[in-house]
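Peer 1: Dumping the structure here so I can ask a few things about it.
The values are calculated or read from the model by the stated rules, or taken from the named source; none is laboratory data. Remember, predicted model here, so these are calculated numbers, not experimental data. Cβ coordinates were reconstructed from backbone atoms using ideal geometry, including for glycine residues, and neighbour counts include every protein chain displayed. Calculation scope for accessible area: heavy atoms of the full protein, side chains included, ligands and nucleic acids excluded. Shrake-Rupley method; radii C 1.70, N 1.55, O 1.52, S 1.80 Å.
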Amino acid sequence: MEVRSLASHPIVKGLILGFVLLASGGCSEQPSTSAKSLNAVEVTKNSVYLTRDIKNDVFYFVMLDRFHNGNPQNDKSDASRPTPAIAPDESSKSTFHGGDIQGIQAKLDYIQNMGITAIWIAPLLRNNSVQSDDSDNHGTLAIDFTHVDPNFGTNDDLRSLIGAAHARGIKVFFDIITTEKANANKNKKCHNPDNTAVQDDCVGIDDLATYRPPVVADITQNLKNIIDEFKPDGFAINTVKNVDLSVWQEVGRMIVAYAKTVGIPNFHVVGELNDGNPAVLSKFMTKGQLSSVIDFSFHFNLKESLFENKDLNRLGQLFNNDDYYRSANSSPDLLMNLLSNQYLGRAGFFINHGLNNTSEAEKLQRSVLGHAFMYMSRGIPVIYYGDEQGFTADGGSMDASEDMDPSLVDVYNDNALIGTRQTTGGDNFNQKHPIFQSLQKFAILRAEHKALRTGVHQSRLIDNANKIVAFSRIDPADKFEYLAIFNMGMQTRNVSIKVDSLSYSSVFGNKAQVKQGKLTTTLEPLSFVLLKAQQVHKGSEIFDIIMPGIYTDNERLFIPLNLIFGEQKALPFAEVDFYLVDKDGAEFFIAMDNTQPYRAIIIPEMLTSMVQLKVVVRDGAGNEMSKRFTL
């Protein structure tokens, strides 16, 4: 029987090892379990950027104007602008400071030594930078999609940077704005030509009328032109929720397909929307068919748990909600994780404001532990420039846009940085900074252990009373379990977890013992251990499949399953394929779930004209069972 994507149905169609601690009680480093230990440069050089799966990448987001001034000659490069507006005022947080594309290229050694494999650059196309009392140094008011803004350099500079990055195995992504006026014929193409009542996080930006076919055509052609001109590896679409979702259904697929025709086989279009609700975020992947989105739910839940000392159970719910992202064309391991960004603020800011009277040593530990959690979890890590140097900021936006070069901004320079006595008043490209070195080691750790990049993420323990969080990562191919256990509290804890393997080696941190099916280990305050099972996870035989009943929640239909196994294990490790069947017997694959709780979460329209649900379960022992349920 033919199995087709549900998108074709006429009813639905169109819809490292270790980290550095200042406190004396930190964990000790353990040797890698791999035969050959990588260094940070080999992480990128040993893989071909064109064919490398994005799940193998570590991203570094660069605020271009504030990173490094590689060419002071372009600081006053646009003669068409009024003199007061084009002259940078490096003592003001709101104007241009001189950072440019050549500055990124000059610091590629620094970036690569951190273990970064992909650079995500803030908007850099020519923008409407002249404002009443400041300038758009964030680059968000683009007026020309064909040229780099003169303050940041030239088209040749950008091609040079991309070539140099690619030569090192580093990808380059562009941050793209699609809601502003992109040409002079403004009133025909702007939804909000008078700049009033703009949506959400787009204050000051005219809203393009993306429901009009000519505008959609313009967006598509502009993005194609950028690909032709510069050959980037992907786009991060800023303000994605201010464009009709139907646009992304068309444009996202079209752009990825077009990139393949010009020799970019793994082009990605990532959506960015400041929303912590997975039901909202997931729509842009499952229905909008973008490659990925920024997982702001990850950000908010980890910030509140670790930086504000709130209930840890929110982290368990975070990963349970991964089922929202499972569809025929999307998966939660493609989500982009971050702790900081240019709008919300920095990890250091959240630590300072979330925990009063915290010691400098504790601040460092919390920052490093938060980054460790991000690198070990499902999804793709995104580092916000300057976090590796302990920047603390005073808030979001311009307050979180500090200079990496020596700064003249008083409100930046009076901040105490984490992990160093340095301030932003000096050069901040210190490769001996403890956070920098931690990130360097975490990148190596991910590169050496495939399960940390692509393994199934299984929640194992949430103990809010003792501030313990544990999860497993299991590579579906080799079935070796990696167990990550985090102590997010300020007390040393002995931890006991039910396991299936007979023994575990220490990849990082303290060793563990297994007796009578229970693993025990000790974690110092604000530390983590990473353990690897020494036996293949065999799984258990599937005996039956039960569907309790479909229910509605959060504007979705939930299809839960109870799987009955012959032997109860700590990790059943089963894969479930979900299909909808119409009255003619045609089957439409809708999702695959390989984590507990087993379920599919779909949009209600998918059930239209469907009469059956078919599920296929593959258990960890190599058996397969299929069952159908009447809808």
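Peer 1: How many percent of Cα pairs in segment 235-387 exceed 23 Å?
Peer 2: It works out to 40 percent of all Cα pairs.
Peer 1: Output the relative contact order of segment 503-612, whole-number percent, from Cα pairs under 8 angstrom with separation of 6+ residues.
Peer 2: Value for segment 503-612: 20 percent.
Peer 1: Oh, and also: Would you please give the FRET efficiency between SER160 and VAL411, computed as 1/(1 + (r/R0)^6) with r the Cβ-Cβ distance and R0 = 30 Å, to the nearest 0.05?
Peer 2: In this case the efficiency is close to 0.30.
Peer 1: Ignoring everything but the protein chains, give the 1.4 Å probe accessible area of HIS353 in square angstrom, nearest 10.
Peer 2: Using a 1.4 Å probe on the heavy atoms, I get roughly 120 Å².
Peer 1: Indicate the gyration tensor shape class of segment 414-466 (rounded, prolate or oblate), computed on the Cα atoms with a ≥ b ≥ c the square roots of the eigenvalues: a/c under 1.5 is rounded; otherwise a/b larger than b/c is prolate and the rest oblate.
Peer 2: oblate
Peer 1: What percent of all Cα-Cα pairs in segment 365-442 falls into each 10 Å bin, going from 0 up to the bin containing the maximum distance?
Peer 2: The distribution over segment 365-442 is 19, 50, 27, 4, given as percents.
Peer 1: Rounding to the nearest 20 debye, state how big the charge dipole of segment 437-489 is about its Cα centre with +1 on each Lys and Arg Cβ and -1 on each Asp and Glu Cβ.
Peer 2: Using only the charged Cβ atoms, the result is roughly 120 debye.
Peer 1: To continue, here is another question. For VAL172, VAL262, write out the residues from largest to smallest accessible area, computed with a 1.4 angstrom probe and no ligands counted.
Peer 2: Largest to smallest exposure gives the sequence VAL262, VAL172.
Peer 1: Using a 1.4 Å probe on the protein heavy atoms, what percent of the accessible area of segment 302-370 belongs to carbon and sulfur?
Peer 2: 39
Peer 1: Still on this structure: Whole number please: convex hull volume per residue of the Cα set in segment 327-382, in Å³?
Peer 2: Output value, Cα hull per residue: 87 Å³.
Peer 1: I'm a student and want to see the number: the projected area of the Cα convex hull of segment 341-498, averaged over all directions, in nm².
Peer 2: Its Cα hull, projected and averaged over all orientations, spans 10.3 nm².
Peer 1: Computed over the Cα atoms, what is the radius of gyration of segment 556-630 divided by 2.2 N^0.38 Å, N being its residue count?
Peer 2: Ratio of Rg to 2.2 N^0.38 Å for segment 556-630: 1.14.
Peer 1: I would also like to ask the following. Tell me, what ³J(HN,Hα) does each residue in segment 459-465 have, in order and in whole Hz, if you take phi through Karplus 6.51 cos²θ - 1.76 cosθ + 1.60 with θ = phi - 60° and put x for Gly and Pro?
Peer 2: Whole-Hz 3J(HN,Hα) from phi for segment 459-465: 5, 10, 7, 10, 10, 5, 4.
Peer 1: Whole-Hz Karplus ³J(HN,Hα) for segment 487-502, in order, using 6.51 cos²θ - 1.76 cosθ + 1.60 and θ = phi - 60°, x for Gly and Pro?
Peer 2: Once rounded to whole Hz, the list reads 9, 9, x, 9, 10, 5, 10, 8, 10, 10, 9, 5, 9, 9, 7, 7.
Peer 1: Can you list the HN-Hα couplings for segment 170-175, worked out from phi with the Karplus curve (6.51, -1.76, 1.60; θ = phi - 60°), rounded to whole Hz and with x for Gly and Pro?
Peer 2: Ordered by residue, 3J(HN,Hα) equals 9, 7, 10, 10, 9, 7 Hz.
Peer 1: Could you sort 474-486, 221-233 so that the peptide with the highest average Cβ count within 10 Å comes first and the rest follow in order?
Peer 2: In decreasing order of mean packing, 474-486, 221-233 become 474-486, 221-233.
Peer 1: How large is the accessible surface of THR492 in square angstrom, using a 1.4 angstrom probe and rounding to the nearest 10?
Peer 2: In the full protein context, THR492 sits at about 80 Å².
Peer 1: In addition: Give the long-range amide H neighbours of LEU125: residues separated by 5 or more places, or on another chain, with amide H under 5 Å away, using H modelled in the peptide plane at 1.01 Å from N.
Peer 2: Under 5 Å from the amide H of LEU125: ASP149.
Peer 1: Please give the per residue accessible area of segment 462-582, computed with a probe of 1.4 Å over protein heavy atoms only, in Å².
Peer 2: It amounts to 41 Å² per residue over segment 462-582.
Peer 1: So, one more: How high is the relative contact order of segment 203-326? Use alpha-carbon pairs under 8 Å, at least six apart in sequence, and give a whole percent.
Peer 2: 21
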